[in-house]
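*Asks:* Mind looking over this structure? Questions follow.
The values are calculated or read from the model by the stated rules, or taken from the named source; none is laboratory data. A quick note: this is a predicted structure, and the numbers were derived from the prediction, not measured. Reconstructed Cβ throughout: ideal geometry from the backbone, glycine too, with neighbour counts over all protein chains shown.
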Amino acid sequence: MKNAFAVLSVFLCAAALVSAKAKERSANLAGSWRVVAELNGPQRRSTLELKQDGGALTGTYVGALGVLPLTGTVKGRNVVIDVQAGKLNVRYAAKVEADGKTMKGTVDFGGNLSGKFTAKKKTS
């Protein structure tokens, strides 16, 4: 009986570790995202073209600031994306929803202007 309990305990601990690791996996963000940002009233629309290598993001921002390179990170469902527009750094910080097709968060234009945004992944 003690052996069965010990085996069961080891099995349950291993299952818990595997489950925890699965939850830590980063969301798959590669692709094109349509962004709508609300900045003190007016809405701004842009597109983020993302490439992902593990937790690292690269790609292109296309919007009112022009066509600009971006970098970022993703850990689990938490995302940070930086767009450098000359001396202005635009930072998107978001959480990817469970469906993997929507992210919501905040956008900050170098401390000058900030607001909330929603991005939806384009489907083919």
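*Asks:* Count, please, the residues in region 88-124 that happen to be acidic (Asp, Glu) and touching a Phe, Trp or Tyr at 6+ places or on another chain (Cβ under 9 Å). Steps first, answer last, please.
*Replies:* Step one: list which residues in region 88-124 are acidic (Asp, Glu), which gives 97, 99, 108.
From what is left, the residues that are touching a Phe, Trp or Tyr at 6+ places or on another chain (Cβ under 9 Å) are 108.
Count: 1.
*Asks:* Right, next: Residue by residue through region 104-114, note down the ones that are at pLDDT 95 or above and either closer than 16 Å to Val74 by Cβ or not acidic (Asp, Glu) (or both).
*Replies:* In the first step, residues of region 104-114 are kept if they are at pLDDT 95 or above; the result is 104-108.
Residues satisfying the conditions are Lys104, Gly105, Thr106, Val107.
*Asks:* Related question: Within region 94-124, count every residue that is part of a strand (DSSP E or B) and of a type in the set (S, T, N, Q).
*Replies:* Of all residues in region 94-124, those part of a strand (DSSP E or B) come to 94-96, 102-109, 113-121.
Filter once more, so that each one left must be of a type in the set (S, T, N, Q): 102, 106, 114, 118.
Within region 94-124, residues that are part of a strand (DSSP E or B) and of a type in the set (S, T, N, Q) number 4.
Quick grid of which residues meet (1) without any contact (Cβ under 8 Å) to a residue 24 or more places away in the chain; (2) farther than 19 Å from Ser26 by Cα; (3) out of contact with any helix residue (DSSP H, G or I) (no Cβ under 7 Å at 6 or more places or on another chain):
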{"residue": "Asp53", "(1), (2), (3)": "yes, no, yes"}
{"residue": "Gly59", "(1), (2), (3)": "yes, no, yes"}
{"residue": "Ala64", "(1), (2), (3)": "yes, yes, yes"}
{"residue": "Asn78", "(1), (2), (3)": "yes, no, yes"}
{"residue": "Val90", "(1), (2), (3)": "no, yes, yes"}
{"residue": "Gly100", "(1), (2), (3)": "no, no, yes"}
{"residue": "Gly105", "(1), (2), (3)": "no, no, yes"}
{"residue": "Lys120", "(1), (2), (3)": "no, no, yes"}
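*Asks:* Mind listing just one residue for me: the one in region 75-124 that is buried (at least 16 other Cβ atoms within 10 Å of the Cβ) and touching a Leu at 6+ places or on another chain (Cβ under 6 Å) and, of those, farthest from Thr60 (Cα to Cα)?
*Replies:* Taking the candidates together, the pick is Gly115.
*Asks:* Return a yes/no flag: does region 50-69 have any residue that is of a type outside the set (A, V, I, L, M) and touching an Asp or Glu at 6+ places or on another chain (Cβ under 7 Å).
*Replies:* Step one: list which residues in region 50-69 are of a type outside the set (A, V, I, L, M), which gives 51-55, 58-61, 63, 66, 69.
With the extra rule that they be touching an Asp or Glu at 6+ places or on another chain (Cβ under 7 Å), the set shrinks to 59-60.
Within region 50-69 (the criterion being of a type outside the set (A, V, I, L, M) and touching an Asp or Glu at 6+ places or on another chain (Cβ under 7 Å)), the answer is yes, since at least one residue qualifies.
*Asks:* Turning to a different aspect of this structure: Identify all residues within region 33-54 that are surrounded by 13 or more Cβ atoms within 10 Å (Cβ to Cβ) and of a type in the set (Gly, Ala, Ser); write none if there are none.
*Replies:* Kept after step one, since they are surrounded by 13 or more Cβ atoms within 10 Å (Cβ to Cβ), are these residues of region 33-54: 33-39, 44, 46-52.
Selection gives Ala37, Ser46.
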